[in-house]
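A short write-up of the structure that comes next.
Where a number appears in this text, it was derived from the coordinates with a stated rule and is not lab data. Predicted model, so just to flag it, every value in this text is computed and none were measured. Glycine also receives a Cβ, built like all others from the backbone with ideal geometry; neighbour counts cover every protein chain displayed.
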């Protein structure tokens, strides 16, 4: 009996360990399509769609090739340290991942759908085994959920974006799952229909799902599981079964499987007594169509393996094409019926080759496919270069045999892959390779001729016109941006002139040295005369043959207007030095300021601009306190300064006279004079008798001796007037009377 099913040893899943890769390794998250036999319900692989992930020890990563100027792919290690968690596949090199909850979308779910190898038998009990883990050191997902189940269906299911299917699975893990390491789960159910697909995931809404936060390390409020090594088996009560027929390509092997028994023996039908395996499986590699027997406890089944020859095609050897050209190519096959699929998607037998590279075509016959390759190199067959330049001719890697001029084809100039040439006229070369002989044409383009005047010198502030001599140019330009032949130059520097013809440039330049030819300084100042050459020399104008200094700079302190010669390889220059007199400024002698007083310093007859120490610019300055005061006077750029020191002093005056004196010659109180005299500068004393007669007038501080015209005056009362001034030069008057007693 033959049943399409699977049981004790036969897994109903084609790729239960996810080891079979599709067209290529995964290149990132969401690349479920890289795993053969695994599907996503919405067909997408990016957010906001719910997309499971395929993990392999290696993945494809792209990088930009700076030589080829294109993006290329390379294989890099991905797991166990792929990012969100540290996970090693439970079995072999691959695993899948799916999300059962995420707060970034309502009832966000990811599902894994896999077709069954055979339809399930209604009424039959099936066992399910699987391994799950959340991974170690999870830094992305921190929640666990329940509701992880298996939903069997007759047709492929569809999911809208990322929302839950909201269906009830036939088999479900009870309770929440949170496992740092791998854990195996076992489920069972009885099929009620001939199901063809199984879908794995959480089929309940968020409101129906139990969700628990398990870790504080994660950054997402979500749950995520890794799954590996899934098995779906029928119950062992069914009789011996095996898939009755297999097809393979010549040179391939196939695993023959039997199940639902405790005894298994395999033998070729042509030699039925020679047992080749005592297990439920055997790997065979027949070269022709072959039948095999599997013996069970009670039954014997026949299994046939059909062998088809792989398609054979001749692609020829490596080839090359000239840049910009193409050629048509068809692989050579026999008269059988073949299908073709080229690397660019074409399904025709032939293809127009327009670019260099490794091209391939998959050739299929009777289900057997062989990929054939054709390496195409690019040869640059036409070059253009400017005369007097050199050029590197590029050959074919590992194929170049030699280079020769077409005018002397037997003279091999080089056997290197690349050949450097410097032809002075258009020349053709042969490139000999094992593929073909190529004619390389090097077109030599003319340059224009350009000439400028010799290097020269310009005095600062001057200018001159220069002109370029050009022959046969299409485009001209100075380094200043000017596009005429003549250029006015007013500063030193390097001026470059370029002309083009056929895209080939010709360049000349002129060095213009800028020289200060005139200086103006103030008398007493030092001056550095600056030249432009370390080999220059200096001489005074009245002794031109007596060199004073050799070098680019000469330091002087001229006392009057004069001239110097500067000699260099380019020219002889006369340098003018104009010496200006410094202005005269005098703000007076040092003086004393009485406390509380003030006075003005006047500069009314001074020429030039006056600036005082307080930065004021006027002809006078009010001094109100002791200190040092200065004024700068600038005339024709020359500045002179004078200063004055003002000391402070208490200038208050005090004068007191006695009210009685006794001029009797006893040496005591014989003179009428001030008995207190402080800070008095000028003093005058006038004395009158009681009739108003002036009896004394004098400026002596020794006072009055009581005599008038040499004779003693009578005792009595006399009136006096003292005129005096203090340090502040203020005139004052003091009056009183005095009693004379002898």
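Numbers below:
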read-out	value
Additional length obtainable on full extension of the chain from residue 250 to residue 387, 0.36 nm per residue less Cα span	43.1 nm
Estimated D of the range 460-606 in µm² per second, where Rh is the Kirkwood radius over Cα pairs and Stokes-Einstein applies at 25 °C, 0.890 mPa s	122 µm²/s
Taking 56, 573 and counting other C-beta atoms within 10 Å, the order from fewest to most	573, 56
Residue order, fewest to most beta carbons within 10 Å, for 474, 44, 399	474, 44, 399
Percent of Cα-Cα distances greater than 19 Å, calculated over the range 127-210	45 percent
Spacing of the two label points (7 Å from each Cα toward its C-beta) at residue 24 and residue 613, in nm	8.5 nm
Fewest-first sequence of 711, 617 by Cβ atoms within 10 Å of each Cβ	711, 617
Of all DSSP beta bridges in the chain, antiparallel share, percent nearest 5	85 percent
Fraction of antiparallel bridges per DSSP, the range 380-445 only, in percent to nearest 5	75 percent
Entry for semi-axes √(5λ) of the Cα gyration tensor in Å (calculated from the structure that is shown) out of [x] 86, 34, 19; [y] 52, 31, 24; [z] 117, 55, 18	[z]
Alpha-carbon centroids, the range 510-547 and the range 299-323: separation in whole Å	91 Å
Gap separating the Cα centres of the range 355-375 and the range 567-592, nearest whole Å	92 Å
Rule-of-thumb Rg ratio for the range 654-740 [Cα; 2.2 N^0.38 Å; N residues]	1.07
Compactness of the range 32-234 - radius of gyration and Dmax, Cα, Å	17.6, 64
Nearest-0.05 FRET efficiency for residue 328 and residue 477, computed from C-beta distance (R0 60 Å)	0.80
Spherically averaged projected area of the range 241-308 from its Cα convex hull (nm²)	3.9 nm²
Distance between the range 428-496 and the range 278-293 - C-alpha centres, whole angstrom	81 Å
Gain upon complete extension [residue 496, residue 670; 0.36 nm per residue less C-alpha separation]	52.0 nm
Quarter of Cα convex hull surface for the range 607-665, i.e. mean projection, nm²	8.0 nm²
The chain: relative contact order in percent, alpha carbon pairs under 8 Å with at least 6 residues between	6 percent
